[in-house]
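Mind looking over this structure? Questions follow.
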């Protein structure tokens, strides 16, 4: 992990972010301290100058000069402080400031000015210049000038800067270590999950992501992924079952074809050969019909087959199907009839696909209804602009627990194993109904009866145009 | 197979070879179709790409075309559109793979005349080509006659040698369709598509039941059977020689 793409790892990035954040914090703190300190020092030195000036100007003129002279003798003051008396023409009278600092004004406020002593580089000092009053409070013609160097402030700043710089290295080191530790801890679980995913991709579909007791974001994500995996596993099982069913349903006719072809190889009985060929063709056709049905279901479930959608009259569709199936119902001794609406029941859909739905349902109903029974179709208008079609029969019925399953692929009730069919009719029905946004419910037609029969109820949304004009083309 | 042979013989005798252009890129399917159709008396030319097909169709006159939906260079629908723009109105049958979406609708919209999905039975292809070739001109006649059968389209009545045959409306429609195509092989899917207007294949052999009902009314025992089953293909309304 640390050799190749360390710069791309989340650990590295998190650590880096952590370090940057800590350095930014330290920098901010330094700036705040620095600013505070500068302000404080300025206020302090101004205050000092003011108090000193106030004290000195109260002395008598002679004492003032002595006091100023005294000050200049004390050590350190030469560098740090200054005091002097000037006359109104800015000529020095006494004190250690020998020239009137350039730009200095007589004012009760402290001023920052640059001064150039004889040898040194210019340096900055804070000055204050006040008139010395006489007894009556008028100016006596002298100006008291006090100065304080800014050495204190500079020194404090220097110390602050230096200590900040010195502390950067240990702080960064600390941030780095803490960052590595924390991000590593956070990402260790991600790594575990990635490894679990690699195992799943490797084909171990029972594997799940580790989920502990902490209900944090990562764990919630992991348990969501686990639920998704459960669902996928279930779907895969279903697909595998369907695959097995398809294989089985295709194998039977193919095996028959193979066996009969093998049997007649070399035979010269043309009649017999023709019979075998015809049967083989029928068996192959059955295989094709299974494959065709599967492909069509796939196509329908992708929801793309909508080119045939138009205003469709359901009553007419039902009538067509009744017309198509009447002869076969009649030959099997079953009464096939249409009830309910006789007027138009318009909806937006594919007439061909809807016919196919009804054909499948009627086909099944006829297959599973004994002689003497009845099969009916009923179109009705429902509340909320809905149209329903019911296909009911007096056949063997579908046990309640099997009603959901019959719509799945290749489902065939044990009772109906002997009846031929692709086993895909009802899944085709539900795929087409899905495409139309219609619902399908299955109930018993006559509960408790020896032949309970079933009712398939299809509910469609009526076409919006139906409320207005009656042009159902 | 008897009937197919006699049918083939009829084609060979009575008509010059029908020229058919097959545009299909799959060699094995093309070989099958060519062999089958040549055996039935068609003169078949094959083109293996869309552009080649367009060139061929423009340079020579053909009676029929079979065009695959998916072709290299230029797909089948564009081929048809291009030919229709060139005012080449030769009837076209479109072939297509099963799962293609809404292909039938698009195929017919582009100017195809009929549509067949792969895999198909050769009998089905042959029957449909024949139907395209002899499209019944919507005659103004009000009475159709095939051998001993007479159909009055206005009175909605059918007679066989003077005996009135009582038909249900659906039986009448079915017989009318067959009488407009005497001698032609009509497959179950053709009947479902054209008489009932359904494009799905029902699980039960419905067409056989319908034909059976009609046959019982038309061909009464003792009379020569006119509605014949063509093994492996479908049905045909024929007057025995």
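What follows is calculated from the coordinates using simple rules that are stated; it is not laboratory data. Everything quoted here is computed from the prediction, not taken from an experiment. Cβ placement follows ideal geometry from the backbone for every residue including glycine, while neighbour counts extend to all protein chains displayed.
For segment A:13-106, count the residues as N, evaluate 2.2 N^0.38 Å, and divide the Cα radius of gyration by that value, please.
1.80
Okay, moving on. For a footprinting-style exposure proxy, rank A:97, A:169 by other Cβ within 10 Å, fewest first.
In increasing order of surrounding Cβ atoms, one gets A:169, A:97.
What number in nm² do you get for segment A:10-60 if you take the convex hull of its Cα atoms and divide its surface by four?
Hull-based average projected area comes out at 2.9 nm².
Can you compute the radius of gyration and Dmax for chain B, using only the Cα atoms, both in Å?
19.1, 60
Please express the Cα-Cα pair-distance distribution P(r) of the protein assembly as shown as a list of whole percents, one per 10 Å bin, running from 0 to the bin with the greatest distance.
All Cα pairs, binned at 10 Å, distribute as 2, 10, 14, 15, 12, 7, 5, 5, 4, 5, 5, 6, 5, 3, 2, 0, 0 percent.
Which whole-number value in Å³ per residue fits the convex hull of the alpha carbons of segment A:180-261?
Per residue, the Cα convex hull of segment A:180-261 comes to 85 Å³.
Considering every Cα-Cα pair within segment A:76-205, what fraction, in whole percent, is farther apart than 19 Å? Don't jump to the answer; show the numbers that get you there.
Numbers: 5703 of 8385 pairs.
Tail of the P(r) past 19 Å holds 68 percent of the pairs.
How far is helix A:61-73 tilted, in degrees, relative to the longest principal axis of the Cα atoms in chain A, given as a value from 0 to 90 rounded to the nearest 10?
Result, in degrees: 70.
Shifting gears a bit: Given a 10 angstrom Cα cut-off, can you work out which residue in B:48, B:59, B:229 is the most mobile in a GNM of chain B?
Comparing B:48, B:59, B:229 in the GNM, the peak value goes to B:59.
Helix B:122-133: angle to the longest alpha-carbon principal axis of chain B, degrees 0 to 90, nearest 10?
Orientation of helix B:122-133: about 90 degrees from the principal axis.
Then there's this: For chain A, what is the relative contact order in percent, using Cα pairs closer than 8 Å and at least 6 residues apart in sequence?
Once normalised by length, the contact order is 10 percent.
While we're looking at this one, here's another question. Which shape class, rounded, prolate or oblate, goes with segment A:179-220 when its Cα gyration tensor gives a ≥ b ≥ c as root eigenvalues, a/c under 1.5 marks rounded, and past that a/b bigger than b/c marks prolate?
oblate
Any chance you could list P(r) for segment B:42-174, counting all Cα-Cα pairs in 5 angstrom bins from zero, rounded to whole %?
In order of increasing distance, the bins hold 2, 9, 16, 17, 14, 10, 9, 9, 8, 5, 2, 0 percent.
Where does chain B land at 222 nm, in deg cm²/dmol rounded to the nearest 500, when only DSSP H runs of n ≥ 4 count, each adding -39500 (n - 2.57), divided by all residues?
Numbers: 9 runs with 93 residues, N = 241.
Only helices count here, giving -11500 deg cm²/dmol.
Using only Cα atoms, tell me the angle between helix B:27-39 and the longest principal axis of chain B; keep it within 0 to 90° and round to the nearest 10.
40
222 nm [θ] for chain A, helices only, -39500 (n - 2.57) per DSSP H run of 4+, per residue, to 500?
Calculated mean residue ellipticity at 222 nm is -18000 deg cm²/dmol.
From largest to smallest, what semi-axes in whole angstrom does segment B:118-219 give when each is the square root of 5 times an eigenvalue of its alpha carbon gyration tensor?
On the way: eigenvalues 120, 56, 27 Å².
Each semi-axis is the square root of five times an eigenvalue, giving 24, 17, 12 Å.
Quick one: work out the % antiparallel among DSSP beta bridges in the protein assembly as shown, nearest 5.
Restricted to the protein assembly as shown, the bridges split so that about 75 percent are antiparallel.
Sticking with this structure for a sec: Return the Cα extents of segment B:159-241 along principal axes one, two and three, sorted largest first, each rounded to a whole Å.
38, 27, 22
Please compute the volume of the convex hull spanned by the alpha-carbon atoms of segment A:277-395 and report it per residue in Å³.
Each residue corresponds to 133 Å³ of Cα convex hull volume.
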